[in-house]
Structure formats: structure tokens, C-alpha cells
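What follows is a single structure, written as C-alpha cells, with notes after it.
Read the figures in this text as sums done on the coordinates, not as results from a lab. Since we're looking at a predicted model, the values are computed, not measured. Here the Cβ positions follow ideal geometry from the backbone for every residue, glycine too, while neighbour counts run over all protein chains shown.
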Amino acid sequence: MIFLWAFIVGGLICVIGQLLMDVGKLTPAHTLAALVVSGAVLDGLGIYERLIDFAGAGATVPITSFGNHLVHGAMQEAEENGIIGILTGIFEVTSSGISAAIIFSFIAALIFKPKG
Amino acid sequence: MSQNNKTHYQQLSSQMEPKRPLLINCFNAFWIGGLICVVGQCLQWFFIHYFDFNEQTAGDPTVAVLIILAILLTGLGVYDKFAQFAGAGTAVPVTGFANAMSSAAIEHRTEGFVLGVGGNMFKLAGSVIVYGTVAAFVIALIRTLLAQGGIAP
């Protein structure tokens, strides 16, 4: 059942992105930035976590979860260490994604030549 | 007069602009984006059942695998073909973030590995990180201050 909800919720988040691009006439960069900020806001309100329980990867795979994870890491550390924890914890949860993207993008640049 | 020309030009350009097939775009974004999330769900299930991950921690390896796959497909030139067809369906999932970074890195390798690859890797993906981080900082700060003031849980 979670697979079906992952499909529907993940698909709907992509449709929101498509609408922002086509109807709102935003560039992809503006669209993604808007989605990340809304993910962070939704987590600040405590809504995103419920969406993840409900839709699994449908909520964790879209870029909105990046904003959610940033807030999450910051809040976790802030509860333990106070205000400074926001700075030390902000990349705590997203570290694996960002590191993987940097490292493997670099390896890809070593291996592949630009096309066209 | 120049004001007049400007509005005339805008009218002309909006007439000439190709109509974007909104419904088809949304439909493609929906099923391809949904499918990428289902792949993520399968990976998550795999990590929970065959390795020592739980629902909370399985997200990390899942996202890492999706990113590696997306970068590989970008290097092979496959991802961009998908992206033309799927629009936001491939841009919004985390795979689109990986695609933006790796395609910038590969494209600029001719300018050298430090200035080209190193300097341009975040050219497209940077805005996501900057706005995500600033927003997360503001939100976490508000929540922490509210919690310390004893207002919010």
C-alpha cells in the first residue's frame, strides 16, 4: 500500500513543480528553490513528518525532503546544544545526499566527456 | 512611443509563444515522478529487509543510491533525454539535483578540473542549497526561540 501512496504523493509533488514552471513561468532553478523552502516550512509546522509516515519515499525522494531534513538536523542539534546547534546540525541529516552528489559528480567528470 | 512598442512586442511574443501542453506535461511529470519515488520505496524496502536499517535511517542509503544512479545515467547521456520528456517529473526528485550537479561538472571539464569542474559543479544546484539552508536556519531559529521561551513544544 505504501508503494501506491509513494507513487501518488511523489507524482503530485512533481505536478506542483510542473505547474510552477508552466503556469507560474518559473525557471527550474526558481521552482526547485521554492519547493525546498516549502519543504522546510512544512517541517517547521510539523506537517512534513506526517507526510513521510504516510507516503514513505513519495515524500523523501522529492527535493522538498531536502528542506525537511535541513530543518530536522538543525532542530535535533539545537535541542541538545542550544542555538549553536542550528549551525552545527543543519547538514547533519542531508550530509549523505550532498556528499554522494559531490563525490560521484566529480568521478563522473573524470570519466565522461561532455556530449554534443 | 517606446512604451507603446514595448507592449506591442509583449503582445506579439505572447501570441507567438508555443502553447505549452499543460495537461500532457503534468501527466508525464506525475507518472515519471511517481515512478522514481516507487523505485526509491523499493530501495528503502530492500535496505530495511536485507540490511540493518529502520524506517528512519533507510532514507540515507536510498537517497545515495538514487543519486549514484542518476549521475551514472547523466554521464551516459540518458537522463537528459528522459528530462526533456518528463519535465518536473525528473527535475523535482532528488535525482534531478544529482543530474544538475553532474551535468554541470561534466560540461565544464574542458575548462579544467579546478576552475571548470570545481567552480561550476554548484552552478545549477547551488540555489537549492542556499535557499534550503537559509530557510532551514530561519525556521529552526524561530522554533528554538519559541521552545526556549516555553511557547511551543
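A few notes on this one:
- Global geometry of region A:2-111, whether rounded, prolate or oblate, following the gyration tensor of its Cα atoms and the 1.5 cut on a/c: oblate
- Over chain B, relative contact order from alpha-carbon pairs under 8 Å, at least 6 apart, %: 18
- Listed residues A:Ile52, A:Ile107, A:Val37: farthest to the positive end of the dipole of chain A (Cβ charges): A:Ile107
- Peptide B:80-91 shows a mean partner chain C-beta count of 4 within 10 Å per residue C-beta.
- Here the spin labels are modelled as points 7 Å beyond Cα on the Cα-Cβ line, and at B:Gln10 and A:Thr88 they lie 5.2 nm apart.
- GNM flexibility winner over chain A from A:Thr31, A:Thr64, A:Thr94 (Cα, springs under 10 Å): A:Thr31
- Here the label points at B:Leu23 and A:His30, each 7 Å from Cα along the C-beta direction, are separated by 2.7 nm in the simple model.
- Neighbour net charge for B:Arg143 - beta-carbon separation under 12 angstrom, K R +1, D E -1: -2
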